[in-house]
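Take a look at the structure set out below.
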Amino acid sequence: MLVQKRTDAENNPAAPPPNIRVRVKYGSIYHEIHISSQATFGELKKKLTGPTGLHHEDQKLYYKEKERDSKTFLDTVGVKDKSKVVLQEDPISKEKRYLEIRKNAKLEKAAKSVSDISLEVDTLAGQVSALESITCNGGKVAEKDVVTLIELLMSQLLKLDAIIADGDVKLQRKMQVRRVQKCVETLDVMKVKNSNPTSNGTAHPPLKQKHSNGEEHSNSPNQEQEQPSRNSASVVITTQWETFDSAPPPTTSTATIRPAQPSFTWDLL
């Protein structure tokens, strides 16, 4: 029968690495930091953030007059208990971090602005839908309401144009711009329909004409058919007068009229 024998390593597991004290000089002040001997310089920077007030990304650590990378282990380069490390502030990293903070702050502000405008557009889009349903059912909306909604939507569009954003915020802004433009186009169609009330097939009311005799008559189709007959009668009368006026003057007879001579009885003589 075979029995596996445990090794000394299994019976006595490896002990955790011991902590060491590292003396960090920052300016004229020394800070003593307790840290694992197998930690990295990056971990040491994070421990120095509290006592020094420097962000770990703004720190530079020098050991034996050589700058050490944040991923380098302390024991690899020979850092031992009570070893001395020099800390300096990195102005370039600090400036980059500030620029990144400002960029993120602008993105957050832009995202909040787009979100607020989105809520306003939702409200205005609901009002546009209500007016559109009225026109679809054959009703007529007040032109003042249409103009007011267009002005409100255009003001939101100007706010969106003033927002400078990147990434997802830029896509959200573009989507809201398209929504506003679509609502404005819908209102423009309503405005055209209001300006053309006869587009729904209603007939024009009959036009009334006032004649010289003071009577008003409507131009109905039957009256338009009767009108030519009346005019034709007046034309016939006028023609008759023209025929009468154009008749040649009566001719006078050139024959001489002899006076009647009395008849005498010659027997009396």
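The values are calculated or read from the model by the stated rules, or taken from the named source; none is laboratory data. Everything numeric here is computed off the predicted structure, so don't read it as measured data. Cβ coordinates were reconstructed from backbone atoms using ideal geometry, including for glycine residues, and neighbour counts include every protein chain displayed. What goes into the accessible areas is simple: the full protein's heavy atoms, side chains included, and nothing from ligands, DNA or RNA. Shrake-Rupley method; radii C 1.70, N 1.55, O 1.52, S 1.80 Å.
Hey, could you get me the Stokes-Einstein D for segment 41-184, Kirkwood radius over alpha-carbon pairs, 10 °C and 1.306 mPa s, rounded to whole µm² s⁻¹?
Here the translational diffusion coefficient equals 79 µm²/s.
Sorted by packing (mean other beta-carbon atoms within 10 Å per residue), highest first, where do 64-70, 84-90 land?
Going from most to least packed, we get 84-90, 64-70.
Give me the log10 of I(q) over I(0) for segment 40-99 at q = 0.27 Å⁻¹, as the Debye formula computes it from C-alpha points; what are the numbers?
-1.22
Given a 1.4 angstrom probe, I'd like the percentage of the accessible area of segment 1-150 that is carbon and sulfur, rounded to a whole number.
Answer for segment 1-150: carbon and sulfur cover 51 percent of the accessible area.
If I stretch the segment between VAL77 and VAL147 completely, what's the gain in nm (0.36 nm per residue apart, minus their alpha carbon distance), one decimal?
Taking VAL77 through VAL147 to full extension adds about 17.7 nm, to one decimal.
Starting from the Cα of LYS96, step 7 Å along the direction of its Cβ; do the same at VAL192; then give the gap between the two resulting points in nm.
Between LYS96 and VAL192, the label points sit 5.6 nm apart.
Peptides 57-63, 161-167: what's the order by average Cβ count within 10 Å, highest mean first?
The densest-packed peptide leads the list: 57-63, 161-167.
Lys and Arg at +1, Asp and Glu at -1: add these up for the other residues within a Cβ distance under 13 Å of LEU160 and post the number.
+3
Roughly speaking, what is the stretch gain from GLU108 to THR49, that is 0.36 nm per residue apart minus the C-alpha to C-alpha distance, in nm to one decimal?
Additional length available on full extension: 18.6 nm.
In a shell of Cβ-Cβ distance under 12 Å around VAL121, excluding VAL121 itself, what net charge do Lys and Arg (+1) and Asp and Glu (-1) give?
Charge balance near VAL121 sits at +2.
Sequence neighbours fewer than 8 away in the same chain don't count; with that in mind, list the lysines whose C-alpha is under 19 Å from LYS103.
Partners found: LYS94, LYS112, LYS170.
For LYS193, go through the lysines and keep the ones whose alpha-carbon is under 16 Å away, minus same-chain ones fewer than eight residues off.
Straight-line reach from LYS193, under 16 Å: LYS140, LYS144.
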